[in-house]
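The values are calculated or read from the model by the stated rules, or taken from the named source; none is laboratory data. Not measured: the values here are computed from a predicted model. Cβ placement follows ideal geometry from the backbone for every residue including glycine, while neighbour counts extend to all protein chains displayed.
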């Protein structure tokens, strides 16, 4: 069956002939398809001519910038570049003077702040005088248009690089949460701009193409079945915190303690109904949805669009659709304070009611929305303790502003819609910047009030499952001991069996004066500093607006007081903990 010219030895041909002869047509067809999909096929590839050196510098909070940097380096290597990727946490501004070609991919965290791993580099880069003449660059910023300072850090890097003498070879790209197309367009333009003509014109070599992947991920979320959905707060609590257990059976998805789970929610049906009523539409109108073709408007509002988050970008589109003079005036630069005041506490439905009183066409309504983004939740389980499962700790967000009841899109999707037996689209978002110590003998200190305790449940479970001998100290806080002690029985069991060494609690409403986790840290400052001195890793998870800053300040105070250091020396000590990855934060 196999010709003598085939690339096999006589013995191999004989064996293959014998095996193939025993297969029927269906079996041979299946084998052919399997080999075509899983084997490496020879295809034209990149030029063999060297295109020079390229550094892809990234700053990341949730991992997206790092993933894009990795993709950029791989693609650049195919074009003949000697490409490397560098984390902003591992480089100094002076190092950039040696770079030939520089692509920067950096996210903006919150409303205009540098991502956690890039804070020190960003501060130094914005202040140090480094000559970058001869460096060719382009910047891609990742951000969220629901924030006023959209892609602010990308804009700052772009302007600073030019100010230091570097040459911009391609315009900066500002990416919203749905960043794939914008990134791809930017990268193609930037790479072409720095590719020498000789390399671009070189004849193709050959390489092996990777098989087509059917793995579950961002472009193909796994429909995970809900196997448990429990309210963690006791009766009488002002909070609504739920514990959600999801099945990963058959998904192939894997995670480590510290990773996040991305959840693709759907919008609340009542909100869809209200949006349609405000726009004076029925929902049965057909519209075109990018990547999906024609859909009924009601289905698209429920499944595809962010129909709540009000931003300046949304208002600009609404102004274009309506031509409303009042809204156009509100968007003028001199009215920015009034615009900020108007947007505070309002959602898109308020803007439609206020500025489109006569309604909108289906296409005009759909045109003001961006894609419905996924939400990331810190994973609250260890894969060793719960095989083929992933657990989340979620605070359901409900409040009232401007006379209207509001709900968190994903948190109430998980609490109200994703009941046991329902499927939730998910994928794993790795977080390499929030990891347990490599040495399981290393002690760890964990500060996680409220839902910030989620990854520390994962940490302690994992250390218990692996038999780690390192000491574990948890600071947990919430409003009331009786109602809000999340996972109380589990923590008490971990204390009894020695998997949790110390547990300090701060329930802010159980006494006249409010007590928080940072207060408990200060109380135990001498011991906490002693743990740091013997090599402990320090972790913080939870609210970024106040808690994380207060914990950081408490840590500096502890180091200063119990380490007999000046304020400046204490800050340097804490910064050294960050640089050595002994101080890690997962804040939101």
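From the list 238, 249, which one is surrounded by fewer than 15 Cβ atoms within 10 Å (Cβ to Cβ), more than 23 Å from the chain's Cα centre (by Cα), closer than 30 Å to residue 585 by Cβ and not assigned by TED's automatic domain parsing to the domain that holds residue 480? After ruling out the rest, the residue left standing is 238.
Note on the range 136-173: residues that are in contact with a helix residue (DSSP H, G or I) (Cβ under 9 Å, 6 or more places away or on another chain) and assigned to a helix (DSSP H, G or I) amount to 5. Looking at the range 446-464, can you tell me whether even one residue there is buried (at least 22 other Cβ atoms within 10 Å of the Cβ) and over 25 Å from residue 376 (Cβ atoms)? Scanning the range 446-464, I find no residue that is buried (at least 22 other Cβ atoms within 10 Å of the Cβ) and over 25 Å from residue 376 (Cβ atoms), so the answer is no.
Filtered by the rule that a residue be crowded, with 18+ Cβ neighbours inside 10 Å and over 22 Å from residue 581 (Cα atoms), the range 81-96 gives 81, 83, 96.
Of the residues contained in the range 404-426, one or more are found to be surrounded by fewer than 16 Cβ atoms within 10 Å (Cβ to Cβ) and without any contact (Cβ under 8 Å) to a residue 12 or more places away in the chain. Determine whether residue 436 is closer than 18 Å to residue 258 by Cα, buried (at least 18 other Cβ atoms within 10 Å of the Cβ) and touching a helix residue (DSSP H, G or I) at 6+ places or on another chain (Cβ under 7 Å). It is true that residue 436 is closer than 18 Å to residue 258 by Cα, buried (at least 18 other Cβ atoms within 10 Å of the Cβ) and touching a helix residue (DSSP H, G or I) at 6+ places or on another chain (Cβ under 7 Å). For the range 436-462, the set of residues classified as touching a strand residue (DSSP E or B) at 6+ places or on another chain (Cβ under 6 Å) and assigned to a helix (DSSP H, G or I) consists of 450, 451, 452, 453, 454, 455, 456, 458, 460, listed by residue number.
Is it the case that the range 200-213 has a residue that's under 28 Å from the mean Cα position of the chain (by Cα) and at pLDDT 95 or above? Looking through the range 200-213, none of the residues is under 28 Å from the mean Cα position of the chain (by Cα) and at pLDDT 95 or above. Taking the conditions (1) surrounded by 15 or more Cβ atoms within 10 Å (Cβ to Cβ); (2) in contact (Cβ under 8 Å) with a residue 40 or more places away in the chain; (3) over 24 Å from the mean Cα position of the chain (by Cα) in turn, residue 298 satisfies each one other than (2).
Screening residue 57 on (1) farther than 30 Å from residue 163 by Cβ; (2) modelled with pLDDT of 95 or more shows it passes everything except condition (1).
So how many residues does the range 400-412 have that are outside any strand (DSSP E or B) and in contact with a strand residue (DSSP E or B) (Cβ under 8 Å, 6 or more places away or on another chain)? First the steps, then the outcome.
As a first pass, look at the range 400-412 and keep what is outside any strand (DSSP E or B): 402-403, 408-412.
From the residues that got through so far, the ones that are in contact with a strand residue (DSSP E or B) (Cβ under 8 Å, 6 or more places away or on another chain) too are 408-412.
Within the range 400-412, residues that are outside any strand (DSSP E or B) and in contact with a strand residue (DSSP E or B) (Cβ under 8 Å, 6 or more places away or on another chain) number 5.
Count of the range 490-515 residues, restricted to those that are assigned to a loop (DSSP other than H, G, I, E, B) and in contact with a helix residue (DSSP H, G or I) (Cβ under 7 Å, 6 or more places away or on another chain), is 3. Within the range 242-251, not a single residue is modelled with pLDDT under 95, touching a strand residue (DSSP E or B) at 6+ places or on another chain (Cβ under 8 Å), farther than 23 Å from residue 542 by Cα and not in a loop (DSSP other than H, G, I, E, B).
Within the range 518-551, if we keep just the residues that are surrounded by fewer than 20 Cβ atoms within 10 Å (Cβ to Cβ) and under 17 Å from residue 586 (Cα atoms), the residue that is modelled with the lowest pLDDT turns out to be 545.
Of the strands (runs of 3 or more DSSP E) lying entirely inside the range 52-116, those containing at least 1 residues that are in the same structural domain as residue 170 (by TED's automatic domain parsing) and over 22 Å from residue 185 (Cβ atoms) span 52-59, 81-87.
With the requirement that a residue be at negative phi, crowded, with 17+ Cβ neighbours inside 10 Å and not in a strand (DSSP E or B), what does the range 472-489 give you?
To start, the set of residues in the range 472-489 that are at negative phi comprises 472-486, 488-489.
Adding the requirement that they be crowded, with 17+ Cβ neighbours inside 10 Å leaves 472-480, 483-486.
The answer is 479, 480, 483, 484, 485, 486.
The condition (being surrounded by fewer than 13 Cβ atoms within 10 Å (Cβ to Cβ) and at pLDDT 95 or above) is satisfied by just one residue among 501, 469: 469. Residue count for the range 214-237 under the criterion of being under 22 Å from residue 423 (Cα atoms) and modelled with pLDDT under 95: the result is 7.
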